[in-house]
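See below for the structure under consideration.
Read-outs throughout are calculated quantities, based only on the coordinates presented, and are distinct from any laboratory measurement. Computed from a predicted structure; not experimentally measured. Quick reminder, even Gly has a Cβ in these numbers, built from the backbone with ideal geometry, and neighbours come from all protein chains shown.
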Amino acid sequence: MSAKLTDRSQQDFGLSPEVACQVRDLNVTYRVDGRELSALREVSLDIRQGQITAVIGESGSGKSTLALALMNAVSSPGRIASGRVTYRGLGEVTGMRGEELRRIRGKAISMVFQASQNSMNPLTRIGAQLLDLARSHDLPNPRAVLREAGDLASRMSLDADRVLTSYQHQLSGGMRQRVGIIFGLVLKPEILLMDEPTTALDVLSQSSVLEIVRSIQRERQLTTVLITHDMGVVAELADRVVVLYAGRVVEEASTAELLRHPRHPYTRSLIQAIPRLTGDPGDAKALEGQPPSLASVPNQGCVFRERCPYRMDVCETILPSFRFDGDGEHRFACHYEEARHD
Amino acid sequence: MKGLLPRLIKRILGGIVMILVVASFTFFLIHLIPGNPVEAKLMQLETAGVTPLRAQIEVQAMYGFLPHQPLDIQYIHYIWQILHLNLGQSITYAGVSVTHLLLEAMPWTVITVTSGIIVSFVVGILTGVIIAVYRDRGISNALTLFSTFLHGIPQLILALLLAFLFTTIWPIFPFGSPYDAVLTPGFTLPFIGSLIWHAVLPVAAYAISSYGGWALTMKSSVISVLGDDFILASELRGLKPRIRIGYIARNAILPLFTTLTLSIGFMFGGSVFIEEIFDYRGLGYMLITAVGNLDYPLMAGSFLIITVAVIVANIIADFVYTAIDPRIRT
Amino acid sequence: MSTASAAFPGAASPPHHRPSLLTISWRAITRKPSRVIGITIILFFTLMAIFGPTLYPKQLPINPAELYAPPSWAHPLGTDFEGTSVLAEIITGSRYVLSAAALAAVFTIGFGTLAGVVSGYFLGSTDQIIMRVTDFILTIPGFPLLIVLSTVWSFGSPIAMGLVLGLTGWGGLARAVRSQTLSLRERGFIEAARGLGLSNAHIITREILPNISPYIAMNLLLSVTGGIYAEVGLFFLGVIPFQASNWGVMLNLAFGNGALYTPQALLYMLSPMACILLVTFGIVLTLDAFDEILNPRLREG
């Protein structure tokens with residue numbers, strides 16, 4: 001078994017050198033009242049080695065589902081209907097089950113949860129739970145994990161000894177969130193998935209925690225996926241951005257490029273919604289209307305058209321395909337933009 | 001571990017207050033019994049030719065107070081005697097102290113009831129976990145139905161049916177006494193074996209009567225814990241199934257301790273049937289005998305001791321609960 | 001863990017927003033045949049208790065020539081140790097047993113709801129006192145308490161029996177009703193009603209009670225089974241004097257006459273037990289429907 005794993009870790013599974021994880025034509029559906037509803041539609045993207053890739057979207061865009069799908073953890077009534085998620089050195093997780101999958105989760109690929117403050121067992125001390133984690137992944141020296149966790153805690157300005165001997169209920173929401181991040185980093189994963197990692201924090205501790213996450217990411221060259229709804233966080237942290245709307249990727253580019261030249265009208269509205277430190281906070285405009293629910297996503301045409309200011313006839317019937325821009329690193333799917341630039 | 005001891009002390013004090021309230025209740029109850037049994041006993045002794053002084057001493061020994069004293073003095077005497085673990089003298093078993101009778105009766109009840117609780121708790125919890133985990137399969141529905149059905153059968157009927165089925169229709173178990181009459185009680189293998197063999201049906205009656213409740217409560221508790229964020233987190237962190245089951249089990253068992261309190265009272269209460277039917281000379285049997293023979297000191301004592309047993313069992317349950325759940329300790 | 005609000009999600013939705021309780025009930029009952037069976041059993045025994053005893057003379061005839069007779073057309077369930085028809089005893093005995101159990105349920109529900117609503121509505125020291133008493137009632141084992149009370153209380157009439165069973169049995173319900181009331185409070189129900197200037201009495205009777213009524217109705221049925229067990233148990237133990245025969249007395253006499261070792265007495269002993277189980281069975285099947293009425297999430301499924 002271990003020989004097989006070492007073999008795998010050297011394999012690239014057909015990924016090009018700069019790609020750590022490749023998602024191809026991923027479709028995730030939920031079964032509600034006997035109907036199959038799509039949460040993710042034909043999602044394809046490359047997560048680059050050593051970079052922070054942000055996935056941004058409103059609630060209901062499918063971004064949390066994407067995070068679960070990246071670990072092949074979509075649970076009933078949902079399922080991965082088709083598509084592949086392949087990791088360098090691990091293989092195709094969409095084809096894995098049971099013990100094989102368990103060994104990867106939390107070790108090679110780890111996740112910081114949206115509800116991180118509730119991600120610990122309330123009846124056991126944090127330290128004991130870290131040992132459980134270490135033993136689950138058969139680490140030769142579980143105690144070393146405690147030391148590593150202590151270091152991480154100190155870096156996040158937590159009292160390491162106190163945190164490790166505490167129960168969850170003895171810590172504040174912000175402290176728990178940081179402990180959640182420690183759980184995500186402590187086994188030195190190759191890929192870190194973070195689903196809204198800072199929602200429970202106030203603005204100040206949010207930026208200090210993000211600061212730490214970024215410095216650890218730089219140090220370890222940690223491939224990171226950041227799931228968020230906040231373009232401000234993206235601007236601060238991410239190298240690349242994938243914009244998700246109603247289960248579809250609508251635009252992808254490097255952060256600098258995307259902020260400077262957003263092409264999709266939805267991306268523009270997200271950027272306009274960033275509150276600025278200088279100037280009138282009233283200038284920050286949120287997009288009007290509601291994102292579609294799973295059941296109301298149109299099956300043909302552009303998924304964004306109901307809220308789009310540039311809606312055209314063609315948007316009703318034909319799904320816009322991706323156009324590549326600049327050096328081919330920027331893609332978007334919008335009929336209006338396409339027409340404007342041709 | 002701070003907070004554990006103060007809580008325990010608080011519970012014990014609460015228990016003592018409760019015992020005193022129950023003692024007061026039995027005191028006034030004896031005064032409410034039609035025909036004033038204490039006065040009647042005194043008269044009966046005197047007409048039987050006992051000297052008034054002698055009669056008074058005997059009645060005082062039985063009840064702990066004398067009828068012609070003022071009520072407050074009677075009450076103080078009564079409670080004072082109880083605090084000295086003196087519960088008076090039995091009338092049926094003439095001259096024998098109630099405390100002595102009940103100390104002999106207690107093990108029969110406490111051991112069978114405790115075994116019954118433990119067996120039903122363990123089996124019920126396992127069933128509940130199976131029902132919850134295999135929620136969508138046939139076995140889950142079958143077990144739910146089975147548990148619901150057993151949950152509905154009262155102890156009385158359960159005990160009668162067990163006795164009838166397994167001692168008369170299909171006689172595999174002995175019936176009618178807690179051990180073989182030919183054996184001399186003692187620490188001998190045949191005697192202990194006989195005790196256990198005779199205890200199977202009564203313990204089964206206790207266990208089955210509360211098993212369904214545990215299974216159904218555990219089922220909903222597990223289902224609710226399975227939906228908790230930290231359980232999903234433990235899965236995505238790749239924790240070993242063994243460790244995850246431990247997380248789920250400990251969290252799911254906690255809410256059951258509330259039910260345990262009720263169950264303990266229910267089980268000790270049921271001893272009146274089960275001991276009557278299986279002829280166990282336990283506390284419930286003593287209570288019935290006392291009421292049947294108008295032996296009021298024994299009745300009051302039995303009732304008090306049954307209540308004390310329930311209170312003590314509850315304090316133990318609370319202590320275990322506190323030991324499992326850190327949120328209460330701090 | 002907010003157990004109270006999580007356990008009964010349907011209870012707090014305002015009554016105005018759903019179809020009438022009658023419609024929901026009818027739909028819920030007819031959805032499954034088991035529920036129809038349950039209701040039928042309950043109706044059957046109710047009719048038996050009301051009209052059954054009028055079919056027989058007040059004093060059932062004894063027949064020394066037919067002791068423990070096997071089932072026949074005249075005696076479908078055989079006869080007892082005195083040659084009296086077991087079926088006749090079951091039917092004439094049903095009235096006391098079922099009416100006392102029904103009254104016990106009414107009293108239990110009455111006391112329990114009152115204590116629970118008052119406790120959960122007023123909170124503060126009222127709540128503390130009521131809950132202290134409730135804990136006390138819940139801790140004392142109910143059956144021994146009833147046995148002890150039998151020395152001072154006459155259980156002769158169904159009302160006296162029902163009242164005592166109600167007085168000793170309301171604890172669990174009080175606690176549950178209190179937590180229901182608290183969950184209504186959590187949802188801002190009570191504050192909103194107070195804000196409208198409604199009186200306490202109005203809020204309790206018009207806002208709170210209707211919202212917890214399905215839950216109370218469910219417990220009314222459950223309490224009937226509890227009442228049957230308790231009274232039958234008391235009669236079985238023989239601690240209360242009995243004038244006429246009823247199911248508990250039948251069990252007592254059967255047990256006392258060695259029915260456990262007498263295979264011919266099988267039907268005499270099994271008949272009352274079967275009736276008790278059948279009533280329980282009917283109630284459990286019907287409760288399943290109440291569960292659905294109570295819990296809107298199940299209603300869709």
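Taking a label point 7 Å from the Cα of B:ARG329 along the Cα→Cβ vector, which residues of the range B:234-267 have an amide N closer than 20 Å to it?
It comes to B:246-258, nothing else.
Please state, as a whole number in µm²/s, the translational diffusion coefficient that the Stokes-Einstein equation yields for chain B at 10 °C and 1.306 mPa s, with Rh defined as the Kirkwood radius across alpha carbon pairs.
70 µm²/s
Two decimals is fine: what's Rg over Rh for the protein assembly as shown, C-alpha atoms, Kirkwood radius as Rh?
The Rg/Rh ratio comes out at 1.07.
Using bins 10 angstrom wide from zero, how does P(r) for the range C:134-223 break down, in % of all Cα pairs?
Percent of Cα pairs in each bin: 14, 35, 27, 17, 6, 0.
Scan chain A and hand back the longest stretch that contains none of the trypsin sites (Lys or Arg not before Pro) lying in DSSP loops with at most 16 other Cβ atoms within 10 Å. Write out the running numbers ahead of the final one.
Numbers: sites that count: A:ARG97, A:ARG276, A:LYS285.
Result, exposed sites excluded: A:98-275.
Can you pull the mean other chain C-beta count within 10 Å for peptide B:239-252?
Shielding by partners across B:239-252 averages 4.
Based solely on C-alpha atoms, express the radius of gyration and the Dmax of the range A:116-188 in angstrom.
Radius of gyration, then largest Cα-Cα span, for the range A:116-188: 10.9, 32 Å.
What distance in nm separates the simple spin-label points at C:SER34 and C:ARG206, each placed 7 Å from Cα in the Cβ direction?
It is 4.1 nm.
When N counts the residues of the range A:1-81, how does its alpha-carbon radius of gyration compare numerically with 2.2 N^0.38 Å, as a ratio?
1.30
Percent of Cα-Cα pairs per 10 Å bin, from 0 to the last occupied bin, for the range B:124-254, please list those.
With a bin width of 10 Å, the distribution comes to 12, 28, 24, 19, 13, 4, 0.
Can you give the direction-averaged projected area of the convex hull of the alpha-carbon atoms in the range B:214-263, in nm²?
3.4 nm²
Once label points are set 7 Å from the Cα along Cα→Cβ at both C:THR54 and C:LEU123, what is their separation, rounded to one decimal in nm?
My value for the distance between the label points is 5.4 nm.
Using Cα centres only, tell me the gap between the range A:101-115 and the range B:46-104 in whole Å.
72 Å
Give, as ranges by residue number, the residues of the range A:221-247 whose backbone N falls under 12 Å from the point 7 Å along Cα→Cβ of A:GLU329.
A:239-241
Obtain the nm distance between the two label points defined at B:ILE169 and A:PHE322 by a simple spin-label model: each point lies 7 Å from its Cα along the Cα-to-C-beta direction.
Going by the 7 Å Cα→Cβ label model, 7.2 nm.
Taking 41 Å as R0, compute the FRET efficiency from the Cβ-Cβ separation of A:ARG268 and A:ASP12 and round it to 0.05.
0.65
After finding the eigenvalues of the alpha carbon gyration tensor for the range A:225-265, what semi-axes result from the square roots of 5 times each, listed largest first in whole Å?
15, 13, 8
Which residue, A:LEU222, A:LEU171, A:LEU185, tops the fluctuation ranking in a GNM of chain A built on C-alpha contacts under 10 Å?
So, out of A:LEU222, A:LEU171, A:LEU185, the one fluctuating most is A:LEU171.
Looking only at B:LEU283, B:LEU232, B:LEU85, which one moves most when chain B is put into a Gaussian network model with springs between Cα atoms under 10 Å?
Top of the fluctuation ranking is B:LEU232.
Can you work out the FRET efficiency for the pair A:ALA256 and A:SER293, with r the C-beta to C-beta distance and R0 = 22 Å, to the nearest 0.05?
That pair, A:ALA256 with A:SER293, gives E of 0.05.
Which residue, C:GLY188, C:GLY282, C:GLY238, has the most motion in a Gaussian network model of chain C that connects Cα atoms within less than 10 Å?
Ranking C:GLY188, C:GLY282, C:GLY238 by mean-square fluctuation puts C:GLY188 first.
Please report the Cα spread of chain A along all three principal axes, rounded to whole Å, starting with the longest.
63, 51, 45
Given a Förster distance of 25 Å, report the FRET efficiency between B:VAL96 and B:ILE315 from their Cβ-Cβ distance, rounded to the nearest 0.05. Let's see the in-between values first.
Working: r = 30 Å, r/R0 = 1.19.
Computed FRET efficiency for B:VAL96 and B:ILE315 comes out at 0.25.
Can you give the longest run of chain B that contains no trypsin sites (Lys or Arg not before Pro) sitting in a DSSP loop with at most 15 other Cβ atoms inside 10 Å?
Result, exposed sites excluded: B:138-330.
Tell me the chymotrypsin sites (Phe, Trp or Tyr not before Pro) within the range C:16-117 that lie in a loop according to DSSP and have at most 13 other beta-carbon atoms within 10 Å.
C:TRP73
Can you pull the mean other chain C-beta count within 10 Å for peptide B:293-302?
Going residue by residue through B:293-302 and averaging, the value is 1.
When only DSSP loop residues count, what chymotrypsin sites (Phe, Trp or Tyr not before Pro) in the range B:117-160 have their Cβ near at most 16 other Cβ atoms within 10 Å?
In loop regions of the range B:117-160 (DSSP not H, G, I, E or B), the sparsely surrounded chymotrypsin sites (Phe, Trp or Tyr not before Pro) are B:TYR134.
Loop-only check: which chymotrypsin sites (Phe, Trp or Tyr not before Pro) in the range C:203-284 are DSSP coil with at most 14 other Cβ within 10 angstrom?
Details: sites: C:TYR215, C:TYR229, C:PHE235, C:PHE236, C:PHE242, C:TRP247, C:PHE255, C:TYR261, C:TYR268, C:PHE281; in loops: C:PHE242, C:TYR261.
Qualifying residues, ordered by number: C:TYR261.
Averaged over C:280-289, how many beta carbons belonging to a partner chain fall within 10 Å of each residue's beta carbon?
2
Counting each pair of different Cα atoms once, what's the Kirkwood radius of the range C:143-296 in Å, rounded to one decimal?
Taking the inverse mean of 1/r over all distinct Cα pairs, the range C:143-296 comes out at 18.4 Å.
Give the value in nm², to one decimal: projected area of the alpha carbon convex hull of the range A:11-156, averaged over all directions. Each step should come with its number before you reach the end.
Values: hull surface 43.8 nm².
Average projection, Cα convex hull of the range A:11-156: 10.9 nm².
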